[in-house]
Amino acid sequence: MSKPKFVYVTYIRTTPEQLWSALTSPEFTRKYWFGVHHETDWKAGSPWQMVFPDGRITDSGEIVEIDRPKRLVLKWRNEFKPELKSEGYSQCTIELEPIGEAVKLTITHEIDRPDSKLIEAVSGGWPRILSNLKSLLETGEVALKTKA
Amino acid sequence: MDAVFKALADASRRELLDRLRADNGQTLGQLCERLAMTRQAVSKHLAILEEANLVATIKRGREKLHYLNPVPIHEIGERWIGKFERSRLQALSDMKKALEAGDE
């Protein structure tokens, strides 16, 4: 893979275990990811997909690496927009690092092509998802209930 | 949040963010090119931006790559700009851009 197209970092006042559960449990994910949830058994080499509330698949791929509660690497392809799906697989890396009373959450995404529409789409989505996740873990409420 | 506003209250630092927005993931050396700042000054500004979490860095081999991290700015928007106001603000901003582009 080439260098990451973007690197997003947020600090959340929680523990790595709690953040990991929030990132991987379907009930919790639905709350901050606009109703979307993961379907996978969270084992290296297993298939992974994200599903809309109506059952359509948003993105799919494979668990490349998993080291709870530190690091998760996903092979990631869009499934519901043909122009994004045709770009093929990207790679998303999620890292958790405890720093003082918070956890540093780093999301990077890379793809082997310039001007990727997939990267443009996910880079717009992540800040909203991260901001919801942060407020949900820190205050118990999400900032945005629906996609604005 | 003080750190974010302090970091943004400097034209040189905003210029560094603009350069990362145009081309994300640059080394210190690349950022210093075509800038009227010493390497030391750029390095100091980057440290302030990183402290405010406006710049995120990763190591690639021996290189340190700098990325614009929009998350804190998004959080500021979230705090003061309600989602119902967003479309009206977007319309105003589009109109301003269109009108000002005509002046050039």
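Derivation of every value follows stated rules applied to the coordinates shown; laboratory data play no part. It should be emphasised that the depicted structure is a prediction, and the values quoted were computed from it without experimental measurement. A quick note on method: Cβ atoms are made from the backbone with ideal geometry, for glycine too, and the neighbour counts reach across all protein chains shown.
Summary of values
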| item | result |
| --- | --- |
| Alpha-carbon Rg with Dmax, taken over the protein assembly as shown, Å | 18.9, 58 |
| Using θ = phi - 60° and Karplus 6.51 cos²θ - 1.76 cosθ + 1.60, couplings along the stretch A:57-71 (whole Hz; Gly, Pro as x) | 8, 8, 9, 8, x, 8, 7, 7, 8, 8, 9, 5, x, 10, 8 |
| Anchor B:Lys6: aspartates and glutamates whose Cα lies under 17 Å away (excluding residues fewer than 8 positions away in-chain) | B:Glu15, B:Asp18, B:Glu50, B:Glu51, B:Glu75 |
| Spatial separation of Cα centroids for the stretch A:87-116 and the stretch B:8-56, in angstrom | 21 |
| About the Cα centre, charge dipole magnitude for the stretch A:38-148 (Lys/Arg +1, Asp/Glu -1 at Cβ), debye | 180 |
| Dipole in debye (nearest 20) - the protein assembly as shown, about Cα centre, beta carbon charges: Lys, Arg +1; Asp, Glu -1 | 140 |
| Cβ-based exposure ranking for B:Met37, A:Met50, in which fewest neighbours within 10 Å come first | B:Met37, A:Met50 |
| Among the listed pairs B:Lys44/B:Lys64; A:Lys3/A:Lys43; A:Lys43/B:Lys64, those beyond 20 Å (Cα-Cα) | A:Lys3/A:Lys43; A:Lys43/B:Lys64 |
| Value at 222 nm in deg cm²/dmol, rounded to 500, when DSSP H runs of n ≥ 4 in chain A each add -39,500 (n - 2.57) | -8500 deg cm²/dmol |
| Distribution of pairwise C-alpha distances over chain A, 10 Å bins, in % | 11, 42, 38, 8, 0 |
| Folded to 0 to 90 degrees: helix B:71-80 orientation relative to chain B principal axis, Cα | 30 |
| B:Arg79 versus A:Ser2: modelled label distance in nm, points set 7 Å from Cα along the beta carbon direction | 3.6 |
| Cα Rg, Dmax (largest Cα-Cα span) when computed across chain B, Å | 16.1, 47 |
| Translational diffusion of the stretch A:76-133, µm² s⁻¹ [Kirkwood Rh, Cα pairs; Stokes-Einstein; 37 °C; 0.692 mPa s] | 257 |
| Neighbour-count order for A:Lys134, A:Lys104, fewest beta carbons within 10 angstrom listed first | A:Lys104, A:Lys134 |
| Coordinate range along principal axes, alpha carbons of the stretch B:32-75, Å, largest first | 32, 26, 17 |
| Among B:Gly29, B:Gly77, B:Gly61: highest mean-square fluctuation, GNM of chain B, C-alpha pairs under 10 Å | B:Gly61 |
| Distance between modelled label sites at A:Asp115 and B:Glu15, nm, 7 Å Cα→Cβ extension | 2.9 |
| Label-to-label distance, nm, for residues given as B:Asp2 and A:Ala44 (7 Å Cα→Cβ offset) | 4.5 |
| Förster radius 35 Å - calculated FRET efficiency between A:Lys81 and B:Leu28 (Cβ-Cβ, nearest 0.05) | 0.40 |
